[in-house]
Structures are given as C-alpha cells and as structure tokens.
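Report on the structure given below.
Throughout, read-outs are computed from the coordinates displayed, never taken from laboratory work. Quick caveat, the model's predicted, so the values are computed rather than measured. Note that each Cβ is placed from the backbone with ideal geometry, even for glycine, and that neighbours are counted across all protein chains shown.
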Amino acid sequence: GDSVTQMEGPVTLSEEAFLTINCTYTATGYPSLFWYVQYPGEGLQLLLKATKADDKGSNKGFEATYRKETTSFHLEKGSVQVSDSAVYFCALNFNKFYFGSGTKLNVKP
Amino acid sequence: DAGVIQSPRHEVTEMGQEVTLRCKLISGHNSLFWYRQTMMRGLELLIYFNNNVPIDDSGMPEDRFSAKMPNASFSTLKIQPSEPRDSAVYFCASSPIGTGGGGANVLTFGAGSRLTVL
C-alpha cells in the first residue's frame with residue numbers, strides 16, 4: 001500500500017545552518033506530494049507541494065523536488081532560523097492522504 | 001475565511017464521561033477528515049467524509065467512537081464512554097473536493113482539540 005517514510009528526529013541545528021529532512025514514498029499511482037509544518041500548540045499547515053515528477057515546491061525559503069526515479073521528496077532550506085523550529089510532516093495524496101511520522105526540528109541561536 | 005474551526009480547544013474529563021468534539025469546515029469545502037495525534041502513534045486518520053457521507057471509517061478505534069456530519073459545514077466526533085487512552089489531540093481538516101485521482105487537493109487543518117481523560 002501507499003506510505004511515506006521520513007527521517008526520525010529530532011534534528012538540532014544552529015541558526016543559519018543548512019537543513020535537509022529526507023522523505024521517501026511508496027505509491028501505486030502518481031501521487032501529489034506535500035510538506036506540512038506544525039508549530040507548538042497549532043494544527044498542521046501546508047508548507048509546499050508538488051503535483052508531478054520533477055516539480056519543485058517552494059515557500060518561505062524551503063524547497064523540495066518531486067523525484068520519481070528515487071521516490072523521494074526531501075525538504076531543504078539553505079539557512080534555518082530559530083523561528084523554523086517545528087515538526088515537519090511529509091505527505092502524499094493519491095486516493096487518500098498518507099502522512100509520515102513527523103520530524104522535529106530544533107534550531108538554536 | 002476563518003479557516004477550519006474546532007471546539008473546544010481543551011477538554012479535561014473523567015473516565016466514563018461522554019466527550020463531543022466539534023468542527024466547522026471552510027465554506028465551499030466538501031471533504032472532512034478527523035485525525036488523532038499522540039506521541040506514541042503519531043497522526044492517525046480516524047474517518048473521512050465526502051459530501052456528508054462517511055467514506056472510510058477504518059481508523060475509528062472502536063465502537064465508543066462515532067462521527068457525524070449533519071450538514072455540509074459541520075461535524076462532530078463523539079467518544080462515549082471516554083477512557084484515559086483516548087487522551088490525545090484531535091484534529092479536523094477539510095479540503096475543497098474529494099480525494100482521489102492523484103489530486104493536488106490540500107488539506108486545511110484546524111488548531112485541534114486537546115483531550116485529557118483522567
């Protein structure tokens with residue numbers, strides 16, 4: 001069945017460091033892929049999405065490229081800020097939404 | 001638009017009591033999802049509706065849980081009787097059209113209802 005696997009956290013970085021959070025997926029069809037972010041005490045918010053192979057989603061300095069050949073959708077940011085501290089969820093949607101287990105990011109000043 | 005609105009934001013109750021969580025969808029959205037989030041199990045889909053009809057309730061843990069959508073803009077999730085293991089954050093989410101076909105439908109989440117059962 002369809003599923004999403006993302007790297008376990010927590011990930012701890014210093015401010016201005018480069019961020020990568022790995023996400024791979026398994027799908028029977030051609031899903032859309034998403035990254036959601038959850039700040040403490042809040043619901044999940046859409047961060048970015050990509051709907052087909054080779055699409056790049058981007059928002060707030062974050063980006064992820066839909067790689068069909070490696071079934072991946074890794075999240076990257078060139079320079080993280082303390083305000084980026086949150087839990088990040090990778091997700092896919094084909095017939096149903098599937099979420100990864102979430103990766104907690106801690107950014108220290 | 002005010003977004004997906006959930007109430008109550010926090011609920012503390014005693015084991016055996018009935019709990020009702022409420023959700024108001026975004027106007028124009030016709031798919032509604034209930035999720036539960038815990039540290040141990042992460043984010044779990046409990047049930048989802050398309051056009052007020054339950055499509056998949058395979059995630060509902062047991063008969064103590066029930067969900068309804070009495071109209072196009074409102075849903076309730078009821079737990080009766082509640083147990084301490086039901087303690088979690090319950091999220092409601094909506095999307096503009098039904099899932100399917102590799103769609104780019106985006107789920108919009110509410111802020112959640114934190115339930116504590118003592």
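Structure notes:
- Single condition A:Ser58 does not satisfy, out of (1) of a type in the set (Ser, Thr, Tyr); (2) more than 25 Å from B:Val89 (Cβ to Cβ); (3) in contact (Cβ under 8 Å) with a residue 24 or more places away in the chain; (4) part of a strand (DSSP E or B): (3)
- Cβ pairs under 9 Å, 6+ apart, first in the range A:22-40 and more than 8 Å from chain B (Cβ to nearest Cβ) and over 22 Å from B:Gly110 (Cα atoms), second hydroxyl-bearing (Ser, Thr, Tyr) and outside any strand (DSSP E or B): A:Thr24/A:Thr70; A:Thr24/A:Thr71; A:Tyr25/A:Thr71; A:Thr26/A:Thr71; A:Ala27/A:Thr71
- B:Pro70 fulfils the conditions (1) more than 14 Å from B:Trp34 (Cβ to Cβ); (2) assigned to a loop (DSSP other than H, G, I, E, B) except for a single criterion, (2).
- A:Gly61 being on the phi > 0 side of the Ramachandran plot and either out of contact with any helix residue (DSSP H, G or I) (no Cβ under 6 Å at 6 or more places or on another chain) or surrounded by fewer than 13 Cβ atoms within 10 Å (Cβ to Cβ) (or both): yes
- Of all residues in the range A:68-90 being in contact with a Ser or Thr (Cβ under 9 Å, 6 or more places away or on another chain) and assigned to a strand (DSSP E or B), the one that is farthest from B:Tyr35 (Cα to Cα): A:Lys77
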